[in-house]
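The values are calculated or read from the model by the stated rules, or taken from the named source; none is laboratory data. Values in this document were obtained by computation on a predicted structure and should not be read as measured data. Cβ sites come from the backbone with ideal geometry, for glycine too, and all protein chains shown count toward neighbours.
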Amino acid sequence: MESTFFGASYYDEYMPCDRIDTDFKLMKDAGMNVIRIAESTWSTWEPSDNVFDFTHLHRVLDSAAKYGISVIVGTPTYAIPSWLEKKYPDIMPLTPDGQAIYGRRQIHDITNPHFLFHAERIIRKIMEEVAENPQVIGYQIDNETRSGDAYSPSNHKLFIEEMKKKYPDIKEFNREFGLDYWSNRINSWDDMPNVRGTINGSLSAAYKAFLRDRITVYQKWQADIINEYKRDDQFITHNYDYSWIGYSHGLQPLVNQRSAAEAVDLIGVDIYHRTQDNFDGSTISFGGSIGRSLKKNNYVVLETQSQGRLDWLTYPGQLRQAYYSHLANGANGVMYWNWHSIHNACESYWKGILSHDLIPGETYKELASARLEELKFDEHLKDLKKDCPIAIIADNRSLTGLDEFPIDDISDEEAKQDDWSPKKLDYNHILRWMYDACYKLNLETDIVYKEDLLQEDAKKFVSKHPILLVPALYSATEKLIDSLRRYVEAGGNLVIGFKSLVSDEEIKIYHDALPYHMTDMIGGTYDQFTRPVDTKIEINGKEYDTSHWIELIRPASEGEEIWGKYVNPYWGRYAGILHKEHASSGSTTYIGCYMESEGLTAIIKKIVAKAGISMPEYTFPIILKSGVNPLGEKVRYYFNYSGKPESFVLAESGTELISGAECSAGSKIDIEPWGVKIFV
């Protein structure tokens with residue numbers, strides 16, 4: 001890359017008037033060097049079966065050439081044309097909620113042979129049109145791929161074949177899934193009922209894993225087609241997204257992104273975050289950690305908001321700060337959805353860089369100003385390599401397990417709600433609870449997966465990540481647990497959260513002391529748990545609130561090191577947090593409850609001190625992000641995620657890139673509201 005990417009999604013087809021030359025001039029003036037096109041326009045490219053019209057495609061490519069802007073072409077397969085559904089109604093899948101109805105995107109069955117035939121044809125037609133065009137630098141497979149939640153008869157048969165391979169003996173299958181319960185046992189694969197109606201959480205989880213695998217197969221299938229045409233200097237990407245709670249939040253439950261990413265060369269992510277008083281940079285940071293995790297490399301933000309939804313309009317300065325925030329986390333570029341606000345349909349008020357009047361306003365001006373500022377020192381910021389001492393395991397099987405067996409097995413109306421605790425506690429809230437606590441302490445954190453632990457030498461892993469956090473690893477094989485033990489034996493500091501090491505890969509609960517195969521390593525066990533009422537946990541002489549879930553841990557002996565004890569007339573004799581040092585110099589800490597973030601922060605600080613990791617004295621709202629660029633320079637970003645001026649003391653001498661000022665170590669640096677300073 002000659003410079004970081006900066007651009008937007010552009011759809012000539014959506015425009016209410018012909019203004020393509022005006023748009024490209026505005027993009028060029030704003031410092032944009034790339035656009036993303038085509039992933040949403042199958043019905044325009046192929047208005048009827050086997051009739052093709054690429055007029056808009058070539059208009060855009062011609063304008064891109066005129067203004068020297070590169071193009072990423074998306075395969076338009078995530079939203080099918082209506083004629084295709086009319087011709088093959090079975091493309092619309094049977095789901096747990098009934099037969100899907102045409103209209104929305106991502107709701108077709110990606111395994112359907114009729115769909116695959118027509119998808120391959122349109123992909124090949126587009127590749128024939130664009131592969132040799134010099135403006136085209138890469139291709140995006142599909143868009144935030146989904147499986148269509150397809151429980152169709154054909155997928156049912158595929159699922160049975162997968163189970164047959166994994167469990168050749170049907171008796172073993174019945175045992176593993178506990179199908180004697182409520183007379184669900186089957187004695188022939190022909191008797192296997194459709195999983196739509198199952199009451200068996202393990203079977204439901206296995207089918208969801210099967211659907212995730214179908215996305216992996218599908219993305220590799222598309223990549224194979226594209227690779228027949230693409231030039232060596234072009235890349236394949238995909239825009240991987242996140243769980244959604246009104247904005248990007250946690251691990252995507254519907255896609256095994258680590259395996260799906262094997263299909264692409266360059267990771268793309270879609271990060272949508274809160275703004276105004278809720279803008280704290282944590283969602284951008286978490287999204288970046290996921291982006292880096294998928295290929296252990298840099299990534300590109302293919303979608304983020306400029307104006308976006310009603311409550312996302314930024315305060316002045318926040319768009320600039322968000323742009324630099326992405327780069328600071330390892331992004332090699334930022335692209336916005338959308339260039340212009342849509343004048344029809346459901347995303348009309350998910351506003352773009354231009355408002356509905358199509359006149360460059362404050363949003364355009366701030367983004368253009370930020371980009372033109374950044375271009376003056378872009379060579380120092382691209383391809384930033386991160387070195388994060390802390391790793392957090394993310395796991396789809398455990399996420400699904402806690403969906404099937406929720407921590408909060410109560411109605412929404414009954415669920416406790418306060419200012420620090422979610423209404424219902426799920427896997428991603430626990431994941432972000434741990435991640436955000438590190439983030440606000442300025443402890444940069446990588447996301448890792450169980451495959452990383454299983455495949456990498458334990459000592460090598462410890463040298464990179466001396467602290468490993470394990471949030472709610474509900475599903476864990478003995479092989480994975482052995483790898484956690486080896487991590488500690490190699491000198492690592494392992495922090496295990498509640499609801500971990502409970503079940504095997506098929507969400508079958510272990511019939512042994514919990515946490516399974518780890519009680520000796522933590523120095524205790526539990527067999528009782530409850531939703532706490534008026535229960536605090538005491539850490540270092542200070543009390544913190546608990547919520548949602550506490551495990552009543554019995555230490556193995558009086559000599560065990562208790563880092564947290566419940567404050568409650570009935571539960572006070574139990575431990576809530578155990579810590580154990582090991583001869584290898586490694587340690588294990590078990591956190592048996594969900595508590596307010598300040599309590600978790602106190603525990604993390606103790607682990608960090610034990611591991612000998614240095615951290616800044618300042619914490620949120622001053623956030624430090626650092627890395628090394630290809631020039632061999634250490635780059636340090638300092639952000640003020642608040643609406644009032646802040647200051648910090650510079651730890652190392654360097655040049656501040658934006659102002660050009662030389663600053664010595666120990667200098668007091670003032671930073672404006674929603675501001676950023678960048679030092680090399």
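In the stretch 163-174, how many are exposed (fewer than 15 other Cβ atoms within 10 Å of the Cβ) and farther than 14 Å from K508 by Cβ? Adding up the residues that qualify gives 5. Taking Q135 and the conditions (1) buried (at least 18 other Cβ atoms within 10 Å of the Cβ); (2) within 24 Å of the chain's Cα centre (by Cα), which numbered condition does it fall short on, given that it satisfies the others? Unmet condition: (2).
Within the stretch 259-269, is there a residue that is under 14 Å from the mean Cα position of the chain (by Cα), surrounded by fewer than 19 Cβ atoms within 10 Å (Cβ to Cβ) and hydrophobic (A, V, I, L, M, F, W, C)? Within the stretch 259-269, not a single residue is under 14 Å from the mean Cα position of the chain (by Cα), surrounded by fewer than 19 Cβ atoms within 10 Å (Cβ to Cβ) and hydrophobic (A, V, I, L, M, F, W, C). Across the stretch 604-617, a minimum of one residue is classified as under 30 Å from E366 (Cβ atoms) and at pLDDT below 95. Sort out which residues of the stretch 1-60 are free of Cβ contacts under 8 Å to residues at least 12 places away in the same chain and within 21 Å of L381 (Cβ to Cβ), and write them in order of number. Once the filter is applied, which keeps residues that are free of Cβ contacts under 8 Å to residues at least 12 places away in the same chain and within 21 Å of L381 (Cβ to Cβ), the stretch 1-60 yields only E2. Of all the listed residues (R212, R231), the sole one being over 19 Å from G288 (Cα atoms), within 16 Å of the chain's Cα centre (by Cα), assigned by TED's automatic domain parsing to the domain that holds E39 and modelled with pLDDT of 95 or more is R212. Quick check: anything in the stretch 227-244 closer than 30 Å to Y336 by Cα and assigned to a helix (DSSP H, G or I)? Within the stretch 227-244 (the criterion being closer than 30 Å to Y336 by Cα and assigned to a helix (DSSP H, G or I)), the answer is yes, since at least one residue qualifies.
Only residues that are in contact with a Leu (Cβ under 8 Å, 6 or more places away or on another chain), among the hydrophobic types (A, V, I, L, M, F, W, C) and closer than 30 Å to R105 by Cα were counted across the stretch 355-379, and they come to 1. The number of residues in the stretch 515-531 being more than 16 Å from L494 (Cβ to Cβ) and either buried (at least 20 other Cβ atoms within 10 Å of the Cβ) or hydroxyl-bearing (S, T, Y) (or both) comes to 3.
Listed here are the residues, each with its yes/no results for (1) assigned by TED's automatic domain parsing to the domain that holds R212; (2) under 20 Å from A263 (Cβ atoms); (3) modelled with pLDDT under 95; (4) part of a helix (DSSP H, G or I).
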{"position": "A64", "(1), (2), (3), (4)": "yes, no, no, yes"}
{"position": "V71", "(1), (2), (3), (4)": "yes, no, no, no"}
{"position": "T77", "(1), (2), (3), (4)": "yes, yes, no, no"}
{"position": "E85", "(1), (2), (3), (4)": "yes, no, no, yes"}
{"position": "I123", "(1), (2), (3), (4)": "yes, yes, no, yes"}
{"position": "I126", "(1), (2), (3), (4)": "yes, yes, no, yes"}
{"position": "I137", "(1), (2), (3), (4)": "yes, yes, no, no"}
{"position": "E144", "(1), (2), (3), (4)": "yes, yes, no, no"}
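One residue stands out among those in the stretch 254-298 that are polar (S, T, N, Q) and out of contact with any helix residue (DSSP H, G or I) (no Cβ under 8 Å at 6 or more places or on another chain): the one that is farthest from K230 (Cα to Cα), which is N278. Counting only strands (runs of 3 or more DSSP E) that fall entirely inside the stretch 287-402 and contain at least 2 residues that are touching a His at 6+ places or on another chain (Cβ under 7 Å), the qualifying elements are 390-393. Would you check which residues across the stretch 450-460 are touching a residue at least 60 places away in the same chain (Cβ under 8 Å) and surrounded by 20 or more Cβ atoms within 10 Å (Cβ to Cβ) and list them? Across the stretch 450-460, the qualifying residue is only L453.
Summed over the stretch 168-196, the residues that are free of Cβ contacts under 8 Å to residues at least 60 places away in the same chain and either part of a helix (DSSP H, G or I) or in contact with a strand residue (DSSP E or B) (Cβ under 7 Å, 6 or more places away or on another chain) (or both) give a count of 13. Scanning the stretch 558-567 for residues that are under 29 Å from the mean Cα position of the chain (by Cα), within 28 Å of P422 (Cα to Cα) and assigned by TED's automatic domain parsing to the domain that holds W433 turns up nothing. Filtering the stretch 13-27 to residues that are at pLDDT 95 or above and in a helix (DSSP H, G or I) leaves I20, D21, T22, D23, F24, K25, L26, M27. Within 25 Å of D270 (Cβ to Cβ), touching a Gly at 6+ places or on another chain (Cβ under 9 Å) and modelled with pLDDT of 95 or more, is that true of V60? No.
Restricting the stretch 62-83 to residues that are out of contact with any Asp or Glu (no Cβ under 7 Å at 6 or more places or on another chain) and buried (at least 21 other Cβ atoms within 10 Å of the Cβ), the residue that is farthest from N194 (Cα to Cα) is A64.
Taken over the stretch 478-523, the criterion of being among the small types (G, A, S) and either on the phi < 0 side of the Ramachandran plot or not assigned by TED's automatic domain parsing to the domain that holds F461 (or both) is satisfied by S483, A490, G492, G497, S500, S503, A513.
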